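J.: Dropping a structure here in structure tokens format, bear with me for questions.
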């Protein structure tokens, strides 16, 4: 059941939730490094994807592929911590596993994707507020009845994320059917950039 979430609802001070941006993918369908694409209001798509996390979370960790000098330079400039994903071919789950050593002390993480540059900061706040009401459950955003990203994962579920692989690994490890479904007026939770045609 979808629960209407108030995007303007303030979260409690010092919530401690860490933002995690998964930015180590191959971008095969796009044909080049889509993270570098200029984005409205930002120098690049990756910086647009980082913005809502930085606006709400006291710490943000970006997962990058080894040798990513461009990504490292951006993260240093933005004061974003970096985790390296050495299992780049193993998909999103491997990237998330790479971030775990840096977030173990956090009560929850909000996991965002580097090819989603239209998510609002208010959406991240709403996910955290929903988690504060029911702290044991993961939270996913919903727009028009469709689940999207970013998603919140509470610390109690971190052990299930160890050693995962594949883009479907997180879906298998976590019961998203039992998650809190946070209905929001934010189409950005469904909008990602897969191919150059998406820039039109």
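Each row is one residue, and each column tells you yes or no for (1) touching a helix residue (DSSP H, G or I) at 6+ places or on another chain (Cβ under 7 Å); (2) closer than 26 Å to residue 102 by Cβ; (3) at pLDDT below 95; (4) in a helix (DSSP H, G or I).
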site: 142; (1), (2), (3), (4): no, no, no, no
site: 149; (1), (2), (3), (4): yes, yes, no, no
site: 167; (1), (2), (3), (4): yes, yes, yes, no
site: 191; (1), (2), (3), (4): no, no, yes, no
site: 198; (1), (2), (3), (4): no, no, yes, yes
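J.: Given (1) in contact with a strand residue (DSSP E or B) (Cβ under 7 Å, 6 or more places away or on another chain); (2) part of a helix (DSSP H, G or I); (3) more than 27 Å from residue 160 (Cβ to Cβ); (4) touching a residue at least 40 places away in the same chain (Cβ under 8 Å), identify the lone condition not met by residue 55.
T.: (1)
J.: Search region 151-165 for residues being modelled with pLDDT of 95 or more and not in a helix (DSSP H, G or I), and hand back the single one that is farthest from residue 39 (Cα to Cα).
T.: Ranking the candidates gives 154 first.
J.: Hey, can you tell me all the residues within region 84-105 that are surrounded by fewer than 23 Cβ atoms within 10 Å (Cβ to Cβ) and outside any helix (DSSP H, G or I)?
T.: Selection gives 84, 86, 87, 104, 105.
J.: Being free of Cβ contacts under 8 Å to residues at least 24 places away in the same chain and farther than 20 Å from residue 33 by Cα is the requirement here; does residue 107 meet it?
T.: So residue 107 fails the test.
J.: OK, next. I'm trying to understand the selection: among the residues of region 120-140, which are surrounded by 17 or more Cβ atoms within 10 Å (Cβ to Cβ) and not in a helix (DSSP H, G or I)?
T.: Those that are surrounded by 17 or more Cβ atoms within 10 Å (Cβ to Cβ) and not in a helix (DSSP H, G or I): 120, 137, 138, 139, 140.
To keep it simple, each residue is scored yes or no on (1) on the phi < 0 side of the Ramachandran plot; (2) surrounded by 15 or more Cβ atoms within 10 Å (Cβ to Cβ); (3) at pLDDT 85 or above.
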| position | (1), (2), (3) |
| --- | --- |
| 7 | yes, yes, no |
| 23 | yes, yes, yes |
| 31 | no, no, no |
| 53 | yes, yes, yes |
| 57 | yes, yes, yes |
| 62 | yes, yes, yes |
| 67 | no, no, yes |
| 73 | yes, no, yes |
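The values are calculated or read from the model by the stated rules, or taken from the named source; none is laboratory data. In this text the structure is predicted, and so the values were computed from the model without any measurement. No Cβ is skipped: glycine too gets one built from the backbone with ideal geometry, and neighbour counts run over all protein chains shown.
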